Every structure is written in C-alpha cells, then in structure tokens.
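The values are calculated or read from the model by the stated rules, or taken from the named source; none is laboratory data. Computed from a prediction, not measured in an experiment: that's the story for all the values here. FYI the Cβ positions are ideal-geometry reconstructions off the backbone, even for glycines, and counts take in every protein chain you see.
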Amino acid sequence: MSKAYAAWRLEREALLACASRKSLSVQTVTSFARSDAGNPSQNGEKGDCIGAESRIVVETLEHGDFERPGGRRFGTLVHTLLASIDLNAGVDPIRALATANGRIVGTTEEEIEAAITTVRAVLAHPTLRRAAVSAGKGLRREAPIMLRLDDGRLVEGVVDLVFREDTPEFAGWTVVDFKTDRDFKVSSAQYTAQINLYTKQLVQRLAPQREASC
C-alpha cells in the first residue's frame, strides 16, 4: 500500500465519519416533554432548555353523571372538532361535523354523542368565550411550530389554540391545550412541560402571555 493511498484512505474515513454525524436533532414536543429535559430533574429543577415554569391554569370540565368514552380514537374526534368548529356554533353544526368526522375516524355512535356533549361544554367555557371574541383579530388554531432550543435541538409540535386579548384586565396571549384524558393527574407533569415549552419559546416572543390548559 503506497503512502499516497494510505493518506487518501485515512482522509476518506475521517470525511465519512464527519459526514455521518447528524447536524440537526429534531423531536416532537410530546417526546421532549416526556424526556428528562422536559420534566423536573432529580433535584426538582426544570431543564435548562425550558427555563422558569410559566403560569399554567388547569381547567377541568366535570362530567357529572355522564360517563364518556376515552382513548385515542375519541380524543382524535374531539380535537378534530375543536380545531375546525365555529367557536359560536350551536348543537346542529357540532352534530353534523361530529357525524361526518366520526365516520372518517371510525368512532361508534356512543363516542360521537359523547364528543358532541364534550365539545358543547368546552365551547361554553369562559376561556373559549374569550377566544371567540378574539376571532379574526388574534386567533390561531392548530398552529404548527418549530422551535430551536438553547442547545441547538429542534422541537416541532402543534398548538391547539392561541388567542390575543387587549383588555384593562389583561393584554397578551393565552395558550390553550386540549386534553381528553379521564385522569389528568397521571400525565399532568408531561402536559405542564409541553405547554410551558409552547409559552416560553413561542408566545413569549410575541407579547406577555397568560396560559390555560383545558
């Protein structure tokens, strides 16, 4: 083996090793929130990439005697309705949209009826009433985002609802993240990290914010 060939081979191997290292690290907001960076560390501090925790308000809709379904299929239907329905819609438009999307998703009649009841309750909530007032001025629904963290990683996700208010009581942005879990407490730490990331990395760049999770 000639010296020239040996030098070329070493240079080639070094070049291949350098080129094989990924230049970007991309993950979803959900996976990031599940990781150690998104959740409290053993000493109780938040990951450096998120920063101080935002003020988050958890609003829970009581079911009463209503026993609603759960699971991914039901959650998909509810999120689809909340992403596209007019915030001032009555029961008939909700029913029509739920029936059409329920067939696409493959839900049962029970799940469709439960989704209608759930969406009606959500739209009647004071937070959504405030969002309805902001429609057309500063309302964003199912907004895709891609954020670059301090360590260079990219995190991508979708914000369910963001709206701006400008009142004597509050001027800024409110972030809403819908969850259909039967027991919110089971995944509350993950969800808190998720919405904290949204507000700290996205909304903070626009204006002062107030956060809510429904």
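Scanning the stretch 121-166 for residues being assigned to a helix (DSSP H, G or I), of a type in the set (K, R) and surrounded by fewer than 15 Cβ atoms within 10 Å (Cβ to Cβ) gives a total of 1.
Restricting attention to the stretch 143-169, the residues that are modelled with pLDDT of 80 or more and of a type in the set (A, V, I, L, M, F, W, C) total 8.
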